[in-house]
Amino acid sequence: MAEKKYEGGFGSDAVKNPQRIVFITKKTSAKVRGDVGKQLMSYPHLLLREVIAFQVLAIVLVVVSLVWDAPLEQLANPLLTPNPAKAPWYFLGLQELLHYFPPFVAGIVIPTLVVVALVVIPYFNINVKGEPFWAGNREKRFRVALVVLIALAVFLAVFDAWTVLAPTVVIGGLLLGSYLQKTAEPNWMTYFRTRPVSWWVMTWFIAVALTLTIVGTFFRGPGWSWVWP
Amino acid sequence: MVNGKWLMARALRLAIYHLTFAIYHGPFFVALLIAGADDVLEAPMATTPMEEFLARLRGTRVWKSVFRRGPARSNRTRSLAVFGNIFLHAVPAKVREKSLRVRATYYLGSITFFLFVVLLITGIMLMFYYHPAIPQAYRDMKDLRFAVANGVFLRNLHRLGAQAMVAAVFAHMFHVFYRGGYRPPREFNWVVGVVLLLVTLFLSYTGYLLPWDQLAFWAITVGTNIISAMPVLGPKIRFLALGGNLVGENALLRFYVLHCVVLPLAAVVLIAVHFWRVQKDGGLTVGEDDVIPAKAGNQPPLDSRLRGNDKGEHGRKEI
């Protein structure tokens with residue numbers, strides 16, 4: 001019987017093979033998605049803006065390419081190692097880490113962790129809800145943050161990783177400072193008081209990555225020693 | 001050194017490029033005018049000779065066979081202009097006004113995409129002058145500098161575009177993060193974006209070797225040595241990437257193929273998915289008031305949407 005029921009069930013002739021396209025059960029009527037605000041036609045409103053953005057970008061690229069020349073050094077020579085041998089700027093943060101930590105940690109573990117961390121961001125409710133870090137059990141969270149930060153700072157100090165430690169102290173200081181701020185009056189700290197934990201972690205990551213990249217690019221010379229640009 | 005001759009040469013180049021620039025980009029503006037003049041100027045009737053000419057052009061059989069729509073004077077034809085065009089249908093027919101504000105995007109995603117287009121064009125042009133062989137690769141760089149007309153400019157554009165694209169991808173990602181653009185239902189597109197970030201980095205890195213100068217050779221040597229630090233598999237992966245134990249002829253060829261074929265193709269496919277998902281996930285994030293429920297209780301609580309129960313994105317039961 002079941003076979004007969006579906007015979008030709010996928011034909012396109014609606015008269016021969018009437019198909020159920022929808023059924024409505026109790027309390028599941030189609031819902032209106034709600035007001036999404038004012039809408040504009042992509043054409044021309046969006047496309048015009050995009051074309052202008054492209055033009056501006058092209059002009060900037062052309063002008064910079066006229067006054068700046070792409071670097072070209074001597075022919076590659078495997079016998080002549082430059083000191084320091086530097087990676088492209090976007091990997092100089094990693095190279096700076098290699099200066100402090102063993103290659104397996106700095107070159108494999110940390111990059112892998114960063115990529116995994118970026119991928120899983122949207123799959124944790126705590127990131128999605130984005131409640132202020134100090135909204136829950138303030139005292140407990142403060143203790144946890146304090147312990148984590150001190151452990152991290154000690155760890156970095158043991159490895160002499162000063163260029164990681166400095167931004168960590170700054171961001172950690174802001175985090176702890178935003179807790180200690182008692183006054184309810186809005187001031188410059190108010191912004192930090194209402195930030196969720198994902199914001200703090202990402203801001204810390206960006207601060208560290210920026211510091212490492214800038215130090216690696218401008219402040220590192222022969223033997224990866226500190227030089228002034 | 002900056003001297004008179006140098007400045008003269010730059011000024012001459014600048015003049016040449018203003019001219020070519022106008023020739024290059026003129027068609028853009030003309031196309032925009034042809035397609036959208038009546039929207040922008042809001043002129044219902046053809047009054048000037050130019051508008052009369054355009055109106056007559058639109059009336060021809062050839063024009064109609066290409067665009068299959070009348071002038072974009074109604075919202076229907078404006079929609080058709082977008083989803084009747086294979087290139088433009090990556091964008092929705094309508095966008096929220098809020099998502100058009102500069103602060104909503106700073107055009108970072110668009111800039112990244114435009115840079116990718118610039119890199120594709122300049123990259124193909126560079127391929128006409130490049131041999132992935134030692135030491136010919138380096139000689140080609142010298143040729144670009146001294147023999148090819150405006151070869152320096154071409155290489156500058158590609159190099160600058162590449163650096164700018166890496167920076168733009170990072171800026172785009174951080175901006176999307178701070179705006180909460182990764183939240184459901186956009187979580188998968190965030191993941192696609194992370195993969196695109198990696199593809200961009202690999203593209204830039206594989207391109208770094210191709211000039212075969214000291215900078216290129218040692219940057220790749222330093223980078224690939226890190227792979228060896230991985231236990232067990234490290235040296236094997238490094239061998240696979242380089243086609244040998246040293247950065248040599250095989251490495252150059254592999255990086256060339258990755259840079260010019262494999263990674264650009266991957267990027268194109270992923271960009272298509274990324275754009276398409278932006279639309280399917282309900283457009284750009286416009287902030288906390290992304291979707292305003294018409295009535296309280298209309299929208300399922302965030303928790304139930306996150307748990308992935310039998311309710312769909314719209315709160316309907318999926319049958």
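The values are calculated or read from the model by the stated rules, or taken from the named source; none is laboratory data. If you're wondering where the values come from, they're calculated on a predicted model, not measured in any experiment. Here the Cβ positions follow ideal geometry from the backbone for every residue, glycine too, while neighbour counts run over all protein chains shown.
The condition (being closer than 23 Å to B:F275 by Cα and of a type in the set (S, T, Y)) is satisfied by just one residue among B:Y182, B:Y138: B:Y182. For segment A:37-88, residues that are aromatic (F, W, Y) and surrounded by fewer than 17 Cβ atoms within 10 Å (Cβ to Cβ) total 1. Here A:A166, A:A157, A:A153 are screened, and the one residue that is more than 10 Å from chain B (Cβ to nearest Cβ), touching a helix residue (DSSP H, G or I) at 6+ places or on another chain (Cβ under 9 Å), touching a residue at least 24 places away in the same chain (Cβ under 8 Å) and not β-branched (V, I, T) is A:A166. Per this entry, B:H131 is counted among residues that are on the phi < 0 side of the Ramachandran plot and more than 10 Å from chain A (Cβ to nearest Cβ). Annotation: of all residues in segment A:64-94 being assigned to a helix (DSSP H, G or I) and more than 7 Å from chain B (Cβ to nearest Cβ), the one that is farthest from B:L252 (Cα to Cα) is A:G93.
Being more than 9 Å from chain A (Cβ to nearest Cβ) and surrounded by fewer than 21 Cβ atoms within 10 Å (Cβ to Cβ) is the requirement here; does B:F188 meet it?
no
Within segment B:205-221, the set of residues being more than 10 Å from B:V247 (Cβ to Cβ), in a helix (DSSP H, G or I) and either modelled with pLDDT under 95 or at the interface with another protein chain (Cβ under 9 Å from one of its Cβ atoms) (or both) comprises B:Y205, B:Y208, B:Q214, B:L215. Within segment B:138-152, count every residue that is of a type in the set (A, V, I, L, M) and within 11 Å of chain A (Cβ to nearest Cβ). The total comes to 3.
Look at (1) away from chain A (no Cβ under 11 Å); (2) of a type in the set (A, V, I, L, M, F, W, C); (3) closer than 30 Å to B:A216 by Cβ and you find that B:V66 fails only one, number (3).
For segment B:95-112, give me each residue that is surrounded by fewer than 19 Cβ atoms within 10 Å (Cβ to Cβ), under 14 Å from A:L57 (Cβ atoms) and more than 9 Å from every other protein chain (Cβ to nearest Cβ). If the condition is that a residue be surrounded by fewer than 19 Cβ atoms within 10 Å (Cβ to Cβ), under 14 Å from A:L57 (Cβ atoms) and more than 9 Å from every other protein chain (Cβ to nearest Cβ), then B:Y106, B:L108 are the ones that fit. With respect to (1) at pLDDT 80 or above; (2) surrounded by fewer than 18 Cβ atoms within 10 Å (Cβ to Cβ), the lone exception for B:R69 is condition (1).
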